[in-house]
Amino acid sequence: SILLYMFVRSWRLGLLAIAIVPATALINRSYARFMHRNQQQVQAALADANAIAIEVIGAIRTVCSFAGERREQARYQAKVEKFYSLIVRQTAVQGVYYMVCNTFLINTCVQAALLAYGCFLVERGLLSHTVL
């Protein structure tokens, strides 16, 4: 509805506002692909850590009788650290995505472009200042 309102008020500004759609669509597609791949890796890393925990708990007497507690702890810790690094990477990419796509492109660039082009149109007499 806001898009329709923009086109009714000024078709030129409406076109400028939707010009960002292809760029954000490409960024969103790349982000979704990354998240899908990374989430599969996160789930696999968590499953590996859980498998080690279940295996060790199921055979705790054997592990203790061969003094393998430290070795099993190191195996488990390596899997948990892999999980942690994947989650940290995902969070960092998510932060950059929201910063670039939502904050910079949509909020800053589009609004600045609309204001600058609107001022240009007002100066040329193609748009009323009340519309801007």
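Which ones in region 28-57 are charged (D, E, K, R) and within 30 Å of Gly68 (Cβ to Cβ)? Break it down stepwise before answering.
Taking region 28-57 and keeping what is charged (D, E, K, R), we get 29, 33, 37, 48, 55.
Selection gives Asp48, Glu55.
Any residue in region 80-101 that's assigned to a helix (DSSP H, G or I): show its pairings with residues that are open to solvent by 80 Å² or more (accessible area, probe 1.4 Å) and modelled with pLDDT of 95 or more at Cβ separation under 6 Å, as long as the two are six or more apart or on different chains.
That search, which allows pairs on different chains as well, returns Leu86/Gln41.
Can you find a residue that is in contact with a helix residue (DSSP H, G or I) (Cβ under 9 Å, 6 or more places away or on another chain), modelled with pLDDT of 90 or more and either within 30 Å of Ala74 (Cα to Cα) or not in a helix (DSSP H, G or I) (or both) anywhere in region 18-35?
There is at least one residue in region 18-35 that is in contact with a helix residue (DSSP H, G or I) (Cβ under 9 Å, 6 or more places away or on another chain), modelled with pLDDT of 90 or more and either within 30 Å of Ala74 (Cα to Cα) or not in a helix (DSSP H, G or I) (or both).
Does any residue of region 50-66 turn out to be in a loop (DSSP other than H, G, I, E, B) and either more than 24 Å from Arg29 (Cβ to Cβ) or small (Gly, Ala, Ser) (or both)?
yes
Only one of these conditions is not met by Val8: (1) under 30 Å from Ser128 (Cα atoms); (2) open to solvent by less than 80 Å² (accessible area, probe 1.4 Å). Which number is it?
Every listed condition holds for Val8 apart from (2).
The values are calculated or read from the model by the stated rules, or taken from the named source; none is laboratory data. Computed from a predicted model, the values in this text were never measured in an experiment. Here the Cβ is made from the backbone with ideal geometry for all residues, glycine too, and neighbour counts use every protein chain on show. Areas reflect the complete protein model, heavy atoms only, side chains present, ligands, DNA and RNA absent. Shrake-Rupley method; radii C 1.70, N 1.55, O 1.52, S 1.80 Å.
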